[in-house]
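These notes concern the structure reproduced below.
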Amino acid sequence: MSSYQNFLSSLLSCSKCPRLVQHRNSFPQNYWRKPVPPNGDLRSRIVIVGLAPAGNGGNRTGRVFTGDESSNNLTKALYDTGLANQPYSVSRDDGLKLNDVYITAVVKCVPPENKPTTGEIRNCMSYLEEETRMLTEAKVYVALGKVAWDSLINLFKSKGYELNGDRKFSHGKIVKLVKDGNIVYLIGSYHPSPRS
């Protein structure tokens, strides 16, 4: 079994956060109701990191950023820039193909009111850390919101990266991360929610 298959197996069986397990299981039986796996190729150079799956989006469909207006806004933007083969993301089997983009979330289970606790974020960081380890070709990380931004800043700092630039989140902010000659850019972005 590959390291990615091990990662997915561990992720899909995770029950570290009782509150999140109870919440995701409170949705209808035909929903995914498990931790939501990432979408994309590990060889991608662009990584998009959101906060958590949406209750009626990824938590319903079983694919991150799929099945709601936020996912359609993101997918349309990716399509318009040639990074997706279609302008919508409605289900796991809708034919969406990402081009050089990997999409994930800091927290892998839907949190009540879209607000994970600090402990829940901490519990899930091992998955994001493993993803960054496997994403060896990644050159740009796009953080969708402050929680994703702060989580990535802390993660790269813990991995020994030197952070060049102001670390405070804002839309359009770019921070250069450097370690042993390897350069990665972190870009801050608002979440693609229709409510933003």
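Of all lysines in the structure, the ones whose alpha carbon falls short of 22 Å from that of K115, not counting any fewer than 8 places away in one chain, are K16, K34, K146, K168.
Pull up the DSSP beta bridges for the chain and report the antiparallel fraction as a percent, rounded to 5. Mind showing how you got there, number by number?
Working: 12 of 26 bridges.
Antiparallel bridges: around 45 percent, rounded to the nearest 5.
Between the amide H of V142 and those of V47, I48, V49, I187, distances stay under 5 Å, these residues lying 5 or more places away or on another chain, with hydrogens modeled in the peptide plane.
Straight Cα distances below 16 angstrom link K179 to the lysines K139, K157, K159, with same-chain residues fewer than 8 positions distant left out. Can you list the residues of segment 14-51 with backbone N under 12 Å from a point 7 Å past the Cα of K76, pointing along Cα to Cβ? No residues fall inside that zone.
Compute the Cα gyration tensor for segment 38-135, then decide on rounded, prolate or oblate, letting a ≥ b ≥ c be the square roots of its eigenvalues: rounded whenever a/c is under 1.5, prolate when a/b is larger than b/c in the other cases, and oblate in all that remain.
Oblate, since a/c reaches 1.5 and b/c is not below a/b.
You can think of it this way: the chain between E113 and L8 has 35.2 nm of extra reach, that is 0.36 nm per residue less the Cα-Cα gap.
The modelled label-to-label distance between N154 and N25, using points 7 Å beyond Cα along the C-beta direction, is 2.7 nm.
In the chain, helical runs assigned H by DSSP with n ≥ 4 each contribute -39500 (n - 2.57); averaged across all residues and rounded to the nearest 500, the mean residue ellipticity at 222 nm is -9500 deg cm²/dmol. The amide H of K173, built 1.01 Å from its N in the peptide plane, has G188 as neighbours under 5 Å, considering only residues 5 or more places off or on other chains. Of all lysines in the structure, the ones whose alpha carbon falls short of 19 Å from that of K76, not counting any fewer than 8 places away in one chain, are K97. Once phi is turned into ³J(HN,Hα) by the Karplus curve 6.51 cos²θ - 1.76 cosθ + 1.60 with θ = phi - 60°, what whole-Hz value does each residue of segment 98-103 show in order, with x for glycine and proline? Once θ is set to phi - 60°, the couplings for segment 98-103 become 8, 10, 6, 10, 10, 10 Hz. Sorted largest first, the principal axis extents computed over the alpha-carbon atoms of segment 95-196 equal 40, 36, 26 Å. Taking the 1.4 Å solvent-accessible surface of segment 1-128 as the whole, the part contributed by carbon and sulfur is 50%. Rolling a 1.4 Å probe across the protein heavy atoms gives the chain an accessible surface of 49 Å² per residue.
The values are calculated or read from the model by the stated rules, or taken from the named source; none is laboratory data. Keep in mind the model is a prediction, meaning the values are calculated, not measured. Here the Cβ is made from the backbone with ideal geometry for all residues, glycine too, and neighbour counts use every protein chain on show. Side chains included, ligands, DNA and RNA excluded: accessible areas come from the protein's heavy atoms. Shrake-Rupley method; radii C 1.70, N 1.55, O 1.52, S 1.80 Å.
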